[in-house]
Amino acid sequence: MPDVNLTQLDATPVVLLIDDSQFVHRLLDARLRSESISLIGEHDGEAGLERAIEENPALILLDLDMPVMDGFETLRALKDEPRTRDIPIIVLSGMNSSQDKVTAFDLGAVDFVTKPFELTELRARVRSSLKMSTLLQMLSQKAQIDGLSGLFNRACFDERLNGEYDRAVRHGHAMSIAMIDLDHFKSINDTYGHPAGDAVIAGVAQIILHESRSSDIACRYGGEEFVLIMPETNPEQAYNLCQRIRERCETTIWARHPNRAVTLSAGVVGANEGSPINCTPSAWVEMADRNLYDAKQAGRNVVKASHIDGSPIQVTQAKAG
Amino acid sequence: MNAPDPNAFSLDVNDPEDAELIEYFLGELPEKVSAIASALTGEDIKELGRIAHQLKGAAPGFGFPAIGSAADQLEGSIRELDGTVASMKSVQEEVESLLSLCQSYITPKS
């Protein structure tokens with residue numbers, strides 16, 4: 001699987017309490033002890049925001065009536081910060097005003113609990129928020145993954161591409177993109193049937209995952225086409241990686257058609273560290289696609305790579321045979 | 001309003017978790033009492049309001065609903081302060097009744 005953090009779903013959820021009153025910390029510490037959560041606490045909004053960024057809790061309990069940075073301000077800050085934006089927040093307040101409730105929900109709180117706490121109610125609300133956040137997390141992970149290959153899907157690729165592109169441009173990091181396409185895939189489907197074709201897609205996906213690093217982003221781009229985003233990887237390194245994938249694929253023996261090897265072709269375009277990136281993310285992908293086309297023209301089972309400025313890379317690009 | 005029963009614990013002293021909370025609250029109470037007293041002497045209305053608000057929210061959870069409602073009364077009176085002598089007097093009275101209620105829970109050190 002791609003870098004999906006499933007272990008996070010199984011671990012004891014961390015709940016962050018932000019409240020200026022030591023009484024409330026003490027009370028909830030005792031009253032939520034029987035829940036399978038780990039409660040951590042801060043006494044003001046600023047420290048709470050920092051702690052939330054550090055610990056990425058599954059839920060935040062936020063007091064509204066705090067001196068200095070009040071609850072609404074803290075809530076706004078938590079929702080403005082990308083690293084804490086998606087953490088569900090239950091607002092705690094001693095003021096039972098409907099205006100406060102409306103404001104809290106408008107600012108993105110998921111629930112509102114009035115002090116003094118009705119403890120069974122508080123426990124139930126904590127439990128339901130945690131359950132909701134687990135389900136949402138699972139859903140968003142599921143929505144990013146292609147069912148057959150287990151790689152990221154196309155929709156996710158577009159998003160990740162933009163993110164990695166921005167990072168490379170901003171920091172002057174190296175980055176490479178590879179388009180990978182199976183050779184004569186249609187004939188596998190036609191000769192051995194679609195289940196055999198599916199097995200090849202899943203198998204090649206495993207090869208790609210196995211050969212790439214955990215920081216690489218492997219996606220299923222279309223039918224038999226894959227795309228690999230390789231952050232902090234120059235085109236020479238990317239070329240070598242794709243060669244390994246190509247060789248592994250060529251030498252794999254398939255259970256459904258042991259006498260029929262499967263090959264793939266790849267087009268790589270990369271930027272060295274510090275080299276200017278003057279094209280858009282989608283133009284970059286198109287350039288990789290043109291190299292893929294050239295690889296196909298060169299007879300397939302070939303990796304063709306170039307620099308983002310169009311110049312050739314330093315490795316001998318002999319066709320393996 | 002009837003005087004709240006100072007012994008009306010809504011928690012069970014025989015339950016270890018409840019007992020722990022009661023003990024903690026009683027341990028903190030003298031400090032709160034002196035904070036209220038000095039806020040009153042120093043006419044620090046803001047601080048007085050803050051303590052009242054905290055007690056209102058917390059005391060019932062620790063088994064002291066009477067302190068919670070006295071603090072609620074005080075918070076209400078502070079909110080209604082309008083500079084008149086009558087409103088000042090009402091705050092003063094609320095503080096005194098909160099203080100004497102708190103005092104009634106504090107066992108004198110022998």
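Some points to look at:
- Count - residues of region A:86-121 that are over 18 Å from residue A:56 (Cα atoms) and either of a type in the set (Val, Ile, Thr) or touching a residue at least 24 places away in the same chain (Cβ under 8 Å) (or both): 15
- Qualifying residue in region A:140-157 (condition: touching a Pro at 6+ places or on another chain (Cβ under 7 Å), in a helix (DSSP H, G or I) and under 30 Å from residue A:59 (Cα atoms)): no
Rundown of residues vs (1) among the charged types (D, E, K, R); (2) in contact (Cβ under 8 Å) with a residue 12 or more places away in the chain; (3) under 18 Å from residue A:205 (Cβ atoms); (4) in the same structural domain as residue A:84 (by TED's automatic domain parsing), yes/no style:
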position	(1), (2), (3), (4)
A:123	yes, yes, no, yes
A:126	no, yes, no, yes
A:131	yes, no, no, yes
A:135	no, no, no, yes
A:147	no, no, yes, no
A:159	yes, no, no, no
A:164	yes, yes, no, no
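- The residues of region A:69-107 that are surrounded by fewer than 15 Cβ atoms within 10 Å (Cβ to Cβ) and under 23 Å from the mean Cα position of the chain (by Cα), listed by number, are A:80, A:81, A:82, A:83, A:85, A:86.
- Taken together, the criteria place residue A:119 among residues that are under 21 Å from residue A:18 (Cα atoms) and surrounded by 14 or more Cβ atoms within 10 Å (Cβ to Cβ).
- Restricting region A:57-94 to residues that are under 17 Å from residue B:75 (Cβ atoms) and out of contact with any strand residue (DSSP E or B) (no Cβ under 8 Å at 6 or more places or on another chain), the residue that is modelled with the lowest pLDDT: A:67
- Put simply, of B:68, B:76, B:49 the only residue that is at pLDDT 90 or above, within 14 Å of chain A (Cβ to nearest Cβ), more than 19 Å from residue A:23 (Cβ to Cβ) and surrounded by 12 or more Cβ atoms within 10 Å (Cβ to Cβ) is B:76.
- Checked against (1) surrounded by fewer than 14 Cβ atoms within 10 Å (Cβ to Cβ); (2) more than 14 Å from chain A (Cβ to nearest Cβ); (3) at pLDDT 85 or above; (4) over 24 Å from residue A:68 (Cα atoms), residue B:27 passes all but a single condition, namely (2).
- Counted residues, region A:241-285 - those being under 23 Å from the mean Cα position of the chain (by Cα) and of a type outside the set (Ser, Thr, Tyr): 11
- Residues of region A:44-68 classified as in a loop (DSSP other than H, G, I, E, B) and buried (at least 18 other Cβ atoms within 10 Å of the Cβ), total: 5
- Of the residues in region A:89-105, not one is over 30 Å from residue B:64 (Cα atoms) and assigned to a loop (DSSP other than H, G, I, E, B).
- Among the residues of region A:151-168, the ones that are surrounded by 17 or more Cβ atoms within 10 Å (Cβ to Cβ) and more than 13 Å from the chain's Cα centre (by Cα) come to 2 in all.
- From the options A:295, A:283, A:288, A:271, residue that is touching a Lys or Arg at 6+ places or on another chain (Cβ under 8 Å) and either small (Gly, Ala, Ser) or surrounded by 15 or more Cβ atoms within 10 Å (Cβ to Cβ) (or both): A:295
- Annotation note: of A:129, A:133, A:176, the sole residue that is buried (at least 17 other Cβ atoms within 10 Å of the Cβ), in contact with a Pro (Cβ under 9 Å, 6 or more places away or on another chain) and part of a strand (DSSP E or B) is A:176.
The values are calculated or read from the model by the stated rules, or taken from the named source; none is laboratory data. Just so it is clear, the model here is predicted, and its values are computed rather than measured. Reconstructed Cβ throughout: ideal geometry from the backbone, glycine too, with neighbour counts over all protein chains shown.
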